[in-house]
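Visitor: Starting off with a structure, shown below.
Nothing in this text is a laboratory measurement; each read-out follows from the coordinates by a stated rule. Just so you know, these numbers come straight off a predicted model, no measurement behind them. Every residue, glycine among them, receives a Cβ derived from its backbone with ideal geometry; neighbour counts consider all protein chains shown.
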Amino acid sequence: MIRRNTIQRSLVLEAVADFHGHPTAEEVYSELNVKYPDISKATVYRNLNVLCEDGELFKLSMPNEADRFDYAEHGHSHLKCLVCGKVEDLHLTYIDNIREVLKKETGYEIDMNKMVFEGICPECKKND
């Protein structure tokens with residue numbers, strides 16, 4: 001289905017792309033609400049989901065936390081700090097090889113973009 005590109009959808013996509021990190025829906029709404037006080041929370045949430053369905057954004061499901069959103073850049077995983085909650089991109093140069101090995105062994109088409117590794121970031125480790 002081809003959807004028309006609305007101003008609100010463009011604003012939501014731009015907000016996620018400009019965000020330093022991987023925002024939650026609430027953070028996207030808060031950011032947009034400062035500049036566009038008439039935008040509703042429902043509009044932001046709906047457009048985040050549409051952008052994910054259309055492949056322009058990725059939804060990162062975080063256990064026991066709000067989902068986060070990532071600008072659609074293929075071929076990377078994520079690191080999440082267990083102390084401060086920061087989420088960062090992780091580019092693994094060998095990811096394509098892993099996909100091919102898994103495909104041969106299981107027959108599955110593997111989507112590694114949603115993989116999240118958890119640990120403690122260098123900044124939090126320094127503060128120990």
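Visitor: Identify which of the listed values of Cα extents along the principal axes in Å was calculated from the structure shown: (i) 45, 38, 23; (ii) 50, 47, 24; (iii) 36, 31, 26.
Guide: Recomputing Cα extents along the principal axes in Å here gives the entry labelled (ii).
Visitor: Measure off 7 Å from each Cα along the Cα-to-Cβ vector at Phe117 and Leu82, then give the distance between these two points in nanometres to one decimal.
Guide: 1.5
Visitor: Scan around Cys121 for amide H atoms under 5 Å from its own, H built in the peptide plane at 1.01 Å from N, and keep only partners 5 or more places away or cross-chain.
Guide: Amide H neighbours of Cys121: Leu82, Val83, Cys84.
Visitor: Between Met62 and residues 5 or more places away or on another chain, which pairs have amide H atoms under 5 Å apart, with H built 1.01 Å from N, and which residues are they?
Guide: HN-HN under 5 Å from Met62: Asp67, Arg68.
Visitor: Of Val28, Val34, how do they rank once you tally other Cβ atoms within 10 Å and put the fewest first?
Guide: Val34, Val28
Visitor: Follow-up question, since we're still on this one. What's the exposure ranking of Ile110, Ile39, Ile7, going from fewest to most Cβ atoms within 10 Å?
Guide: Ile7, Ile110, Ile39
Visitor: For the stretch 7-71, with only Lys/Arg (+1) and Asp/Glu (-1) charged at the beta-carbon, what is the dipole magnitude about the Cα centre, in debye rounded to 20?
Guide: 140
Visitor: Sticking with this structure for a sec: For the stretch 7-71, divide the Cα radius of gyration by the Kirkwood radius and give the resulting Rg/Rh value with two decimals.
Guide: That ratio is 0.93, to two decimals.
Visitor: Charges on Cβ only, +1 for Lys and Arg, -1 for Asp and Glu, centred on the Cα centroid of the chain; of Val44, Leu102, Ser61, which one is farthest towards the dipole's positive end?
Guide: So the residue furthest toward the plus end is Val44.
Visitor: Of the cross-linked pairs Lys35/Lys125; Lys59/Lys126; Lys41/Lys125; Lys59/Lys103, which ones have a Cα-Cα span greater than 26 Å in the structure shown?
Guide: Long pairs (Cα-Cα over 26 Å): Lys35/Lys125; Lys59/Lys126; Lys41/Lys125.
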